[in-house]
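Okay, so here's the structure we're looking at.
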Amino acid sequence: MASLAEVLEFDYVQKEIASYCAFSLGKQRIFDLVPALSKLLAKDRLAKMNEALKVAIALGDIPLGGLSDIRNALIQSQKDQIIRPSDLLQIVSHGEACERVKAFFAQEIVEAPLLSDYSEALVHSPALNQAILAAIEPGGVIKENATPLLASLHRQVRLTQERISSEAQRFVKTHASQLSETVTVLRNDRLVVLAKASEKNNIKGYYHGASSSGASVYIEPEILVELNNQLSDFLSQIEAEEERILRELSQKVKEVADQYLANLETLAILDEYNAKAQWTKVRDGVVAELNEEGRLYLKAARHPLIDSQKVVANTYQIQRPKRMILITGPNTGGKTVSLKVIGLFVYMTLCGCGILCDEAEIPLVEGIYADLGDDQSIVQSLSTYSAHVKKLTQITAMAKPDSLVLLDELGSGTDPKEGESLAVGVLEYLRQLGCLVVVTTHFSALKNYGKAHDEIAMAAVGFDLTALSPTYHIHPDSTGLSYGLEIARKLGLKADILKTANAVAEAQKTKSDRLLEQLEKEREILKETQDEAKAHLESIKEQETYLQNQRELWEVKKEKILQEAQSEANRIKEEASQEAEELLNKLKAKNTIKPQEIGEFNQEIEGLAKAAETVPLAHSFAVGETVRIAGTSRQGVITAITGDKAQLEIGSLSIHSPLAKLEFVPSPKKQAKKILGASYSVSRPRVSAEINVIGKTASEAIQEVGKYLDDALLANLASVRVIHGYGTGTLRKAIWAYLDKCPSVKDYYPASSGEGAGGATIVALGKKS
């Protein structure tokens, strides 16, 4: 019989979480997880998990890389056995990992006192690491220079090997006629020659056997015997020295073996919580709160084994006086998935894992009992129904008031009437007991039973009547239909069969059934309408948010423009004052200005201060145009433009002025005024600050807006309002498209709520930036 973890498919989740572990002991803790049924243990697990998730989000992985299970090596050292070089290197990695973990939590970037306590408990020996690394190569062999003696022995070995090679080559050359091959080979770890069998007794040396054919014999020449003996002696001394080094290092390991064994347990715990946190972070999950009042709340819960792009999020809630959820609806509609999500998330939370929700509260339960799936057994001669009844017998015998009971298709597998009766009996027993129960069913009697008791919350999986397919959404306070015949029709069952089935079904329906079916269909239609209205409302809210953001951006932009304008105005004022002073000095020098005109001119100089309050509209000046110096009434004609300055003729005078302080003066309808003998014109037509184009076609509106903007520009209006209304948005889009291309439009933006909101646009006039 499958375990509860397998029934809820937690075993698959365990494999996913374990893949984030750094070493085998952490993985083993993941696979050994069982729900905490005591309040203290459950709270402790969730508190640590909360810290681990905060650490994972802020800092990433706890640096546990390089860890391995070194228990055997540590136990060997405690038994005074010699540890292999490769195991000694793993002990070095263990010490380095401890050092990294301690440094990681010492940052104190994230408040995680419980996990920090674990890191503080870690002990490592830098001296041990130094001793091992001084003697062992990264490849797991002892260094030739690990000790002076070992270095000397290796030198002797190399010299002896060179002498053996030299003497062997000399022997081969001098005895070539007696040899089968003019090569040397190793036999029993000693260098020998391959001699002819007939020469066996003619060559002095040690006999090492014959070849497989018998035609040749292996002989260690007398000259090589002594040298080979020396080599063997040196190699034996090296082996003894290496064993001494390993024994010495093993004794050093023994000194910290107990501490390192404790480290392993601590690091395994950190590995467990780090893996659970990384799994939760990657899947955008949360750590549930433990609720001691029996409340279950899962907001936007998503099954972790369903593709994240396809999974449908649902919200589940059980809160007193409710103690049960009765889920109804069609097959393949998600009833069993909902059952498993609730059971799995309670199980995972009590194991100290994160779950895939937006928010979650999980009740502390005494135990979790489930009857899900088909457990018919040939070996035990159990039918599907018998297997279910056997499970129900166990569940009702073991369940307590604080138990969570999960029942899938309660009462199925036998005669529907008997199944309904049994289902009602089981639910009544569990209701009286006060258990937390989640049950799925197709039975009408069970639906009626659920509606008759305040402790039972009804819910239904959605069904698209148009597409004849489930939506997988859970609808609370609803009683779903099974839609069995509709699904059969979609799957292609013959029309004649379905016609007969419909007739039989209609004949068997009670008045209550027909009323329930009608109400459910009306609820589905109402739900579709509500969803459409909700989507429309969200769209409006998004638009409002967008417009508000645009307004805020404009306010920021406007503030920046005003600051820049003020700076520019101050600069213009300073330059204009200097040039006006120069002009006045020129006039005095020519002796052509009257005393009263000097007073006038001084007043105009004082008027320059007012120019600093606003920046004149940008204009693309051209030679021959009439202009006015900003803040004065003096006009002149541009005779030349060089860079950002213009040469002006004002009467009989010729002066230079920055373009930025000039104002364009349109030519129509002149009012003459004499100053210093020069006449100039002022033309400021009266133009409204807004235009209304509601009801116009796009082309008509654009034509009128274009003419209006020209007039507004001539009238020196800084901004205007164009009223186009809401409508379908076509007129607004056409006007905005025209404003994008209009050279005299500096900027535009939607009006504020007090100026017409989305039904009007504010247009700032000036040179487009």
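The values are calculated or read from the model by the stated rules, or taken from the named source; none is laboratory data. Remember, predicted model here, so these are calculated numbers, not experimental data. Positions of Cβ are backbone-derived with ideal geometry, glycine not excepted, and every protein chain shown enters the neighbour counts. Note: areas computed on protein heavy atoms with side chains; ligands, DNA, RNA excluded. Shrake-Rupley method; radii C 1.70, N 1.55, O 1.52, S 1.80 Å.
Residue by residue through segment 274-317, note down the ones that are without any contact (Cβ under 8 Å) to a residue 60 or more places away in the chain and either touching a strand residue (DSSP E or B) at 6+ places or on another chain (Cβ under 8 Å) or crowded, with 16+ Cβ neighbours inside 10 Å (or both).
ALA300, ALA301, ARG302, HIS303, VAL311, ALA313 - these are the residues of segment 274-317 that are without any contact (Cβ under 8 Å) to a residue 60 or more places away in the chain and either touching a strand residue (DSSP E or B) at 6+ places or on another chain (Cβ under 8 Å) or crowded, with 16+ Cβ neighbours inside 10 Å (or both).
Hey, among the residues in segment 31-55 that are among the aliphatic types (A, V, I, L, M) and outside any helix (DSSP H, G or I), which one's surrounded by the most Cβ atoms within 10 Å (Cβ to Cβ)? Don't jump to the end; show me each part of the working.
First, pick out the residues of segment 31-55 that are among the aliphatic types (A, V, I, L, M): 33-34, 36-37, 40-42, 46-47, 49, 52-53, 55.
Still in the running and outside any helix (DSSP H, G or I): 33-34, 36-37.
Details: LEU33: 21, VAL34: 12, ALA36: 19, LEU37: 14.
Once the filter is applied, the top-ranked residue is LEU33.
Just to be sure I understand, how many residues within segment 141-150 are in a helix (DSSP H, G or I) and either acidic (Asp, Glu) or surrounded by 13 or more Cβ atoms within 10 Å (Cβ to Cβ) (or both)?
Qualifying residue count, segment 141-150: 2.
Of the conditions (1) surrounded by 15 or more Cβ atoms within 10 Å (Cβ to Cβ); (2) under 30 Å from LYS281 (Cα atoms), ALA58 fails just one. Which one is it?
The number of the failed condition is (1).
What's the total number of residues in segment 111-132 that are within 21 Å of LEU53 (Cβ to Cβ) and crowded, with 17+ Cβ neighbours inside 10 Å? Don't jump to the end; show me each part of the working.
Looking only at segment 111-132, we keep the residues that are within 21 Å of LEU53 (Cβ to Cβ), and these are 111-120.
If we keep only those that are crowded, with 17+ Cβ neighbours inside 10 Å as well, we get 112, 115-116, 118-119.
Qualifying residue count, segment 111-132: 5.
Identify, please: which residue in segment 155-177 is in contact with a helix residue (DSSP H, G or I) (Cβ under 7 Å, 6 or more places away or on another chain) and not acidic (Asp, Glu) and is, among those, farthest from GLN237 (Cα to Cα)?
PHE171
Scan VAL311, VAL256 and give me the residue that is within 25 Å of HIS475 (Cβ to Cβ) and either of a type outside the set (Lys, Arg) or not in a helix (DSSP H, G or I) (or both). Full working, then the answer.
Values: VAL256 fails: within 25 Å of HIS475 (Cβ to Cβ).
Of VAL311, VAL256, the one residue that is within 25 Å of HIS475 (Cβ to Cβ) and either of a type outside the set (Lys, Arg) or not in a helix (DSSP H, G or I) (or both) is VAL311.
From the list LYS661, LYS645, LYS696, LYS669, exactly one residue is touching a helix residue (DSSP H, G or I) at 6+ places or on another chain (Cβ under 6 Å) and at pLDDT below 85. Which is it?
Just a single option satisfies the conditions, and that option is LYS661.
Considering only residues of segment 504-532 that are aliphatic (A, V, I, L, M) and open to solvent by less than 60 Å² (accessible area, probe 1.4 Å), which is modelled with the lowest pLDDT?
Filtering segment 504-532 for residues that are aliphatic (A, V, I, L, M) and open to solvent by less than 60 Å² (accessible area, probe 1.4 Å), the one modelled with the lowest pLDDT comes out as LEU516.
Between LEU562, LEU547, LEU553, which is within 30 Å of TYR748 (Cβ to Cβ), modelled with pLDDT of 75 or more and open to solvent by 70 Å² or more (accessible area, probe 1.4 Å)? If you could, list the steps in order and put the result at the bottom.
Working: LEU562 fails: modelled with pLDDT of 75 or more; LEU547 fails: open to solvent by 70 Å² or more (accessible area, probe 1.4 Å).
Result: LEU553 is the single residue among LEU562, LEU547, LEU553 that is within 30 Å of TYR748 (Cβ to Cβ), modelled with pLDDT of 75 or more and open to solvent by 70 Å² or more (accessible area, probe 1.4 Å).
Residue-by-condition table, conditions (1) modelled with pLDDT of 95 or more; (2) farther than 29 Å from LYS27 by Cα:
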residue	(1), (2)
VAL346	yes, no
THR349	yes, no
LEU356	yes, no
GLU366	no, no
VAL379	no, yes
TYR385	no, yes
HIS388	no, yes
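Please find, within segment 746-765, the residue that is modelled with the lowest pLDDT out of those that are crowded, with 18+ Cβ neighbours inside 10 Å and either out of contact with any Phe, Trp or Tyr (no Cβ under 9 Å at 6 or more places or on another chain) or assigned to a loop (DSSP other than H, G, I, E, B) (or both).
The selected residue is GLY756.
Would you check which residues across segment 342-369 are under 22 Å from the mean Cα position of the chain (by Cα) and in a helix (DSSP H, G or I) and list them? First the steps, then the outcome.
Within segment 342-369, the subset under 22 Å from the mean Cα position of the chain (by Cα) is 345, 348-349, 352-360.
Passing the criteria: PHE345, MET348, THR349.
Sort out which residues of segment 198-224 are out of contact with any Pro (no Cβ under 8 Å at 6 or more places or on another chain), open to solvent by 20 Å² or more (accessible area, probe 1.4 Å) and closer than 15 Å to ARG170 by Cβ, and write them in order of number.
GLU222, ILE223
From the residues in segment 225-239 that are under 30 Å from ALA73 (Cβ atoms) and either among the charged types (D, E, K, R) or surrounded by fewer than 12 Cβ atoms within 10 Å (Cβ to Cβ) (or both), which one is farthest from the chain's Cα centre (by Cα)?
Among those residues, the one meeting the criterion is SER236.
I need the full set of residues from segment 69-80 which are in contact (Cβ under 8 Å) with a residue 24 or more places away in the chain and either touching a Ser or Thr at 6+ places or on another chain (Cβ under 7 Å) or assigned to a helix (DSSP H, G or I) (or both), in order please.
Hits for segment 69-80 are ASP69, ARG71, ALA73, LEU74, ILE75, GLN76, SER77, GLN78.
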